[in-house]
Amino acid sequence: MERGPFSEAGRRRRRLFLSKAHVGLATIGTLASVAGIGVAIDGGLEFNRTKVFVGVGIIAVSTVLYISMLFVRDDESA
C-alpha cells in the first residue's frame with residue numbers, strides 16, 4: 001500500500017481528520033453559545049447592559065462559526 005498525501009490511505013486519513021475537526025468545531029461553537037447565553041442572562045439579571053452585549057456578541061460569533069462550517073468542503077471529490 002502506498003503512503004503519502006495522495007494515496008488512498010492518505011485521503012482516508014485526511015477525511016477522518018477533517019470530520020473530527022468539524023465535530024470539535026461544533027463542540028466549541030455549542031459551548032461558546034451556552035456561555036454567551038449565560039453571560040447575557042447574568043447581565044440581564046444584574047441590569048448590566050455591557051454584559052448583555054458581550055453575551056450577544058459571543059452568541060453571534062458562535063453562530064458565524066456554525067455558518068462557516070457549512071461552506072467548508074470536507075471531501076475532495078465533492
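The values are calculated or read from the model by the stated rules, or taken from the named source; none is laboratory data. If you're wondering where the values come from, they're calculated on a predicted model, not measured in any experiment. With ideal geometry, Cβ positions are generated from the backbone for all residues, glycine too; neighbour counts draw on all protein chains shown.
Computed values, structure above
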quantity: Among the residues listed as Val54, Val64, Val34, the single one being loosely packed, with under 12 Cβ neighbours inside 10 Å and at pLDDT 85 or above; calculated: Val64
quantity: Residues of segment 1-50 that turn out to be farther than 19 Å from Ser68 by Cβ, in contact with a Ser or Thr (Cβ under 8 Å, 6 or more places away or on another chain) and in a helix (DSSP H, G or I), as a count; calculated: 1
quantity: Any hit, segment 3-16, residues being of a type outside the set (Lys, Arg), in contact with a helix residue (DSSP H, G or I) (Cβ under 9 Å, 6 or more places away or on another chain), loosely packed, with under 10 Cβ neighbours inside 10 Å and at pLDDT 95 or above; calculated: no
